[in-house]
2 protein chains.
Amino acid sequence: MSRVYNFNAGPAALPLEVLENARAELLDFNGTGMSIMEASHRGKVYEDIHNEAIANLREFMDISDDYAVLFLQGGASTQFSMVPMNLLPPGETADYTNSGTWASKAIKEAEKVALINVVADCSKDIPTRVPLASELNLTSNAKYLHVTSNETISGARWNDYPETSCPLVADMSSDILSRHFDISRFGLIYAGAQKNLGPSGLTVVIVRKDLIEGAPDDLPTMMRYSTHIEDNSLYNTPPSFSIYVLALVTRWIKKVGLENLYKQNVEKAAVLYAAIDGSDGWYKGTAVKEFRSDMNVTFRLPSEELEAKFVSEATKSGFIGLKGHRSVGGIRASIYNAVPVEAVNELVKFMNSFMRANG
Amino acid sequence: MSRVYNFNAGPAALPLEVLENARAELLDFNGTGMSIMEASHRGKVYEDIHNEAIANLREFMDISDDYAVLFLQGGASTQFSMVPMNLLPPGETADYTNSGTWASKAIKEAEKVALINVVADCSKDIPTRVPLASELNLTSNAKYLHVTSNETISGARWNDYPETSCPLVADMSSDILSRHFDISRFGLIYAGAQKNLGPSGLTVVIVRKDLIEGAPDDLPTMMRYSTHIEDNSLYNTPPSFSIYVLALVTRWIKKVGLENLYKQNVEKAAVLYAAIDGSDGWYKGTAVKEFRSDMNVTFRLPSEELEAKFVSEATKSGFIGLKGHRSVGGIRASIYNAVPVEAVNELVKFMNSFMRANG
């Protein structure tokens, strides 16, 4: 069996060891005589996995008991609504930064539910970037400031989160557990699992419990964070297999070492950006340098024809997922935690060879 | 490896062949060099699986193009809200039947969103049952009548759905694809996948498209059926692995034959109820005979002590998931499509032997 070099933006590469473990026990989990997919979510077999995943996430991100760690469904797209529904009772407002496609979606959904303020907008800038702290026109009574930590499509990210008097709320779908951050500055973090954490169908939400105390009583039960906090994300049937794979990913992270992983992420991105910057402008990075993402490396070639040829030849050579998002074009290499250093090194070789042949 | 006899209520037993297929290609799906979990939801590799699952469901249930078949997240518990939010614009009303725990939950969520009428309530009846058609106090202008097709906890089901001038809306979580029904009488059907269709984390919704035309514009994007209809359930990242396993389950159904499966379900239930009814009252069925479920067979023993002993000894003998729901106690054997005839036959042997030893 030959595995491809997988640069998909999400669902994305998973650690080989995680897949091997899942395969080994797919018909008989831990000697129980059944697959973890067939286990009741009300039984100890499953609950141990559920709680192990939560405990490991708490350890990795140094999450105190003031916060709940939730396993929900519906992706970041559902969180775009749940966040303001729960955190902004009538009369409350929040600030939003617009840094690109995903931030725009968060804003659009929040505006349906509450009165919010867009305090900076660089969503249409080329080269792509996120706002500067100095550009933010903050509202004094905002309950939170929303940031899209890493824009998966544009390849721009927040390096330093803005200083605020209110808590930050962040969409970390594409960079959670990719680097250090100080949880105490955040009121809520949400992330679809299918990029850095596991398979799709699972959304991780980390929420400071005091912030949801004013949530209106008439919210649908499933849309209330309190429902899921009270029942440890077991109010209804959870996406148990996705949570199980997340648990395996957290075990893999412990084995690799969180610090090693963070260091490796910086190195992987540096290697790829060095190839871009060393090409004398043949490859052009899409994001402003100081906002470059370590997770989604976006760049252009001299023409769209060459980009199409690049993607096509790369695919034939075993590199998949390199086509930029259909809304922006270009090339995107998503190099999440599970993408091995080797894949990045091989991609750089391919890029150099492609440039020599076509430059 | 020894597999247990799995009578879990959901997540529940999956066909062994499905698990074996999933295992065989877990690291390399169809020669792509990656797991289906790692495939982009925007690529042909995944989309073929997605569309195959939809096509097979359409074929099995004879679903016309007037209906959309959707793959959503959040379980039936989310549908309890989405149904009235989309089908009942201001000024519209609907009728609900209360047949037990799950119907009560559907009613509670609908009442948060719209004015609805509970047209019959036998949710507290012992023995358990669903309402009689003659008991329904239908509203003339109701947009739909909601039924919980099979009450997973009580073990009672609708044998014949009521005749109505409006379309039926049904929670079929625990009996979808277990027996024939006439789709043309339904406006909407929803079902969590984790009982008869596949793993948890996936909700199948079948909706007659004309019924949602009046849905308010200000609904959250993810809570609008139209969002998912327009994008073939690919507006955002779907729970792709759960959909893949569902696709494998539909292949297995084709191989077994839908008619054979339906026949087997009747036979499996008959064997189990015969053991109960042939015990001279030592085992007592929980549901009124004419409303007995073919999927969740519920019964009591002479005492709670004996019930605890039954569950404990059954577990030691390799029968799992037999404890009744914590809210009602007793014994429940969930015998969904994937539970083999052999498991039911062995359970009957165990029941007879347990009765002889303790009766």
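Kindly provide the trypsin sites (Lys or Arg not before Pro) of the range A:106-208 that DSSP labels as loop, not H, G, I, E or B, and whose Cβ sees at most 10 other Cβ atoms within 10 Å.
A:Lys124
Can you tell me the mean projection area, over all orientations, of the convex hull of the range A:1-159's alpha carbons? Units nm², please.
13.4
Sort A:273-283, B:81-91, B:166-176 by packing, meaning the average of other beta carbons within 10 Å per residue, with the highest value first.
Details: A:273-283: 15.6, B:81-91: 21.1, B:166-176: 25.3.
Going by the mean number of other Cβ atoms within 10 Å, highest first, we get B:166-176, B:81-91, A:273-283.
Counting alpha carbon pairs within less than 8 Å and at least 6 residues apart, what relative contact order, in whole percent, applies to the range B:16-255?
About 26 percent, as a whole number.
Enumerate the calculated ³J(HN,Hα) couplings along the range B:50-58 in order (Karplus 6.51 cos²θ - 1.76 cosθ + 1.60, θ = phi - 60°), each rounded to whole Hz, writing x wherever the residue is Gly or Pro.
3, 6, 5, 4, 5, 4, 5, 5, 4
If one computes the Cα centroid of the range A:139-177 and of the range B:37-87, what distance in Å separates the two points?
Using only Cα atoms to place each centre, the spacing works out to 32 Å.
Kirkwood hydrodynamic radius (Cα pairs, Å) of the range B:258-358?
Details: mean 1/r = 0.0730 Å⁻¹.
One decimal place: 13.7 Å for the Kirkwood radius.
Report the label-to-label distance for A:Asp182 and A:Asn117 in nanometres (one decimal), using points 7 Å from each Cα along the Cα→Cβ vector.
2.4
Within the set A:Lys316/B:Lys255; A:Lys268/A:Lys316; A:Lys195/B:Lys195; A:Lys124/A:Lys268; A:Lys105/A:Lys255, which residue pairs have Cα atoms separated by over 31 Å?
With Cα atoms farther than 31 Å apart: A:Lys316/B:Lys255; A:Lys105/A:Lys255.
Chain A: D in µm²/s via Stokes-Einstein (Kirkwood Rh, Cα pairs, 37 °C, 0.692 mPa s)? Display every interim value, and only then the final one.
Values: Rh = 21.2 Å.
In µm²/s, the coefficient rounds to 155.
Can you work out the Karplus-derived ³J(HN,Hα) for every residue in the range A:211-220? Use 6.51 cos²θ - 1.76 cosθ + 1.60 with θ = phi - 60°, whole Hz, and x for glycine or proline.
Each residue of the range A:211-220 in turn: 6, 9, 5, x, 4, x, 5, 8, 5, x Hz.
Need the C-alpha centroid separation for the range A:303-346 versus the range A:218-282, integer Å.
For the range A:303-346 versus the range A:218-282, the Cα centre distance is 21 Å.
State, in angstrom, two size descriptors of the range A:162-280 derived from its alpha carbons: Rg to one decimal place and Dmax to the nearest whole number.
Computed over the Cα atoms of the range A:162-280, radius of gyration and Dmax are 17.6, 59 Å.
Across peptide B:67-75, what mean number of C-beta atoms from other chains lies inside 10 Å of a residue's C-beta?
Details: counts 0, 0, 0, 0, 0, 2, 11, 9, 7.
Per residue, the number of nearby Cβ atoms from other chains is 3 on average.
How large is the convex hull of the Cα atoms of the protein assembly as shown per residue, expressed in Å³ as a whole number?
149
Cα atoms only, the range A:42-120: Rg and Dmax in Å?
Final numbers for Rg and Dmax: 16.2, 48 Å.
Suppose each label sits 7 Å from its Cα in the direction of the beta carbon; what would the B:Tyr262-B:Glu213 distance come out to in nanometres?
Here the modelled spin labels are 3.2 nm apart.
With the label 7 angstrom out along Cα to Cβ, how close does B:Thr93 come to the same site in each of the other copies, in nm, nearest first?
Here B:Thr93 shows inter-copy label distances of 4.0 nm.
What number does the range B:202-249 give for Rg over Rh if you use C-alpha atoms and the Kirkwood radius? The partial results should precede the final answer.
Values: Rg = 12.3 Å, Rh = 12.1 Å.
Taking Rg over the Kirkwood Rh, I get 1.02.
If you count the DSSP beta bridges with both ends in the protein assembly as shown, what percent of them are antiparallel, to the nearest 5? Please list the in-between numbers first.
Working: 42 of 81 bridges.
Around 50 percent of the beta bridges assigned by DSSP in the protein assembly as shown are antiparallel ones.
Of all beta bridges DSSP finds with both residues in chain B, what is the antiparallel percent, to the nearest 5?
Of all bridge pairs located within chain B, approximately 50 percent are antiparallel.
So, by mean Cβ neighbours within 10 angstrom, what's the order for A:14-21, A:256-263 with the highest one leading?
Going by the mean number of other Cβ atoms within 10 Å, highest first, we get A:14-21, A:256-263.
Got a sec to turn the phi values of the range B:185-196 into Karplus ³J(HN,Hα) couplings, 6.51 cos²θ - 1.76 cosθ + 1.60 with θ = phi - 60°, whole Hz, x for Gly and Pro?
For the range B:185-196, the Karplus-derived couplings read 7, 10, x, 7, 10, 10, 7, x, 6, 6, 10, 9 Hz, x marking Gly and Pro.
For a quick check of your reading of the filter: which GluC sites (Glu not before Pro) in the range B:113-173 sit in a DSSP loop and have no more than 12 other Cβ atoms within 10 Å?
Passing both the DSSP loop test and the Cβ count: B:Glu163.
Determine the relative contact order of the range B:193-290: mean sequence separation of Cα pairs under 8 Å and six or more apart, normalised by residue count, in whole percent.
In percent, rounded to a whole number, it is 23.
In deg cm²/dmol, rounded to 500, what helix-only [θ] at 222 nm does the protein assembly as shown give when every DSSP H run of at least 4 residues adds -39500 (n - 2.57) and the total is split over its residues? Show your work: numbers first, answer last.
Working: 18 runs with 254 residues, N = 718.
Computed ellipticity for the protein assembly as shown at 222 nm equals -11500 deg cm²/dmol.
Here, each number is a calculation from the coordinates, and none is a lab measurement. Everything numeric in this text was worked out from a predicted model, so none of it was measured. Ideal geometry is used to build each Cβ from the backbone, glycine not excepted, and the neighbour counts take in all protein chains shown.
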